[in-house]
Each structure stands twice: as structure tokens, then as C-alpha cells.
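Below is one structure, written out as C-alpha cells; the observations come after it.
The values are calculated or read from the model by the stated rules, or taken from the named source; none is laboratory data. As the structure is a prediction and not an experimental result, all values here were calculated from the model. Here Cβ is always computed from backbone atoms with ideal geometry, including for glycine, and neighbour counts include all displayed protein chains.
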Amino acid sequence: MSSTTAPTADVPVPMKEAPKTPWVFYGILFGILGAVSIIVWGPIGVSGTYPRVIGAFFRAFDPAYAEANPYLVKVGSLFKPETFILVGLLIGGFIGARVNREKAPKCEMAHPGETSNAKRYRDAFIGGFLIVFGARIAGGCTSGHIISGITQLSVSGFIFAIGVFATGILSAKMLSSRRAAGA
């Protein structure tokens, strides 16, 4: 009997999986790139881009107002590394969706008040606005506080990260239990 016999119907043939890059590699790469970007440009974040866009708008259409507004002067020019990070996030998400060629799964309604896509989009917009507004009041967003802060071993970055994840876990559990109860 030869060792190269064909498999029978009773013996499953293992499928060869494509090699997967381990998440640890991406974590290390992300950490190195984060540290390099802080060394080259300084702390980074994304939420500062939104007031820079508003500032650019006012500098184009009402320069006197833009120069008289201390906050718009403080946030500075639109052409900062953070702006390019935001543009890169949008482009990367678009390319990733096209390369993957899978449609996003249908989203569940997060709570009973969301009875239509229009209400869901409204709630997402309001939530996003509140997040950016809160980030500006706090002096930075999650990428600024967590990514840049932890990379710099900032105590406030660690405290913020703990708060974000603890609140996220608690919120997810509350929404899950409400959904299970049919509320």
C-alpha cells in the first residue's frame, strides 16, 4: 500500500487556511508608529480637526471673525498631522470596505426608540456631535488621551482609558439586559 493514496469519503481533507497576521504584530506596529509620530510632530488626536475645519471656513468667508476668535486662533491651521490622520482614516475605511467586498451586516436598533433608519442616523449624528463637543471641552478625544497619553505614560491617559472602557462595558451590559428583557 502506498503512502500517497487518495483520501476516502470518510476522511475529511483539511482546508488550507491563509496565514493570518497576529494581532500582536499590529499592536507593536501601532505602538512604534504612535511613538514616532509623537517624537516627530508631538501628541496627536483627531477631534482637533473639526474646529480647524470650522476655522478654515471662517478664515475663508469671514477672516475678521476668525482672527478675533481666540479659540479658532488657538486651534490653528487646517494643515496639521491630525487632519491627515482623519483623511487617512476615511480613505482607509473606504479602501478596506472595497477590498473586503463584503456588505456591512444589518445593524440592530440600539434601543426601542429607534424605529427607523432616519431616527438611527439622527441619534448617531447627535451622539457624534456630543462626543466631539465633549472631547473639545476635555482638551482631546480618545485618540489624543488614550493613544498619545498612554504612549507618553501620562497618568491622565491611563485614567481616561480606564474610564472609557469601564463605561463602555457597563453601557453594553445595560443595553444587552434591556434588549433581553424586551424593554
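Yes or no, residue by residue, for (1) touching a helix residue (DSSP H, G or I) at 6+ places or on another chain (Cβ under 8 Å); (2) not β-branched (Val, Ile, Thr):
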residue: LYS119; (1), (2): no, yes
residue: GLY128; (1), (2): no, yes
residue: PHE133; (1), (2): no, yes
residue: THR142; (1), (2): yes, no
residue: ILE147; (1), (2): yes, no
residue: ILE150; (1), (2): yes, no
residue: VAL155; (1), (2): no, no
residue: PHE158; (1), (2): yes, yes
residue: ALA166; (1), (2): no, yes
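The rows are residues; the columns are (1) modelled with pLDDT under 80; (2) assigned to a helix (DSSP H, G or I).
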{"site": "ARG59", "(1), (2)": "no, yes"}
{"site": "GLU67", "(1), (2)": "no, yes"}
{"site": "CYS107", "(1), (2)": "yes, no"}
{"site": "THR115", "(1), (2)": "yes, no"}
{"site": "ALA135", "(1), (2)": "yes, yes"}
{"site": "GLY140", "(1), (2)": "yes, no"}
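What tally of residues in region 142-183 results from selecting those that are over 23 Å from GLY128 (Cα atoms) and in contact (Cβ under 8 Å) with a residue 60 or more places away in the chain?
Here the count works out to 3.
Taking the conditions exactly as written (touching a residue at least 12 places away in the same chain (Cβ under 8 Å), of a type outside the set (Lys, Arg), over 21 Å from PHE30 (Cα atoms) and not in a loop (DSSP other than H, G, I, E, B)), does ALA124 satisfy them or not?
no
Filter region 69-85 down to the residues that are aliphatic (A, V, I, L, M) and assigned to a helix (DSSP H, G or I), then identify the one that is surrounded by the most Cβ atoms within 10 Å (Cβ to Cβ).
Within region 69-85, the match that is surrounded by the most Cβ atoms within 10 Å (Cβ to Cβ) is VAL75.
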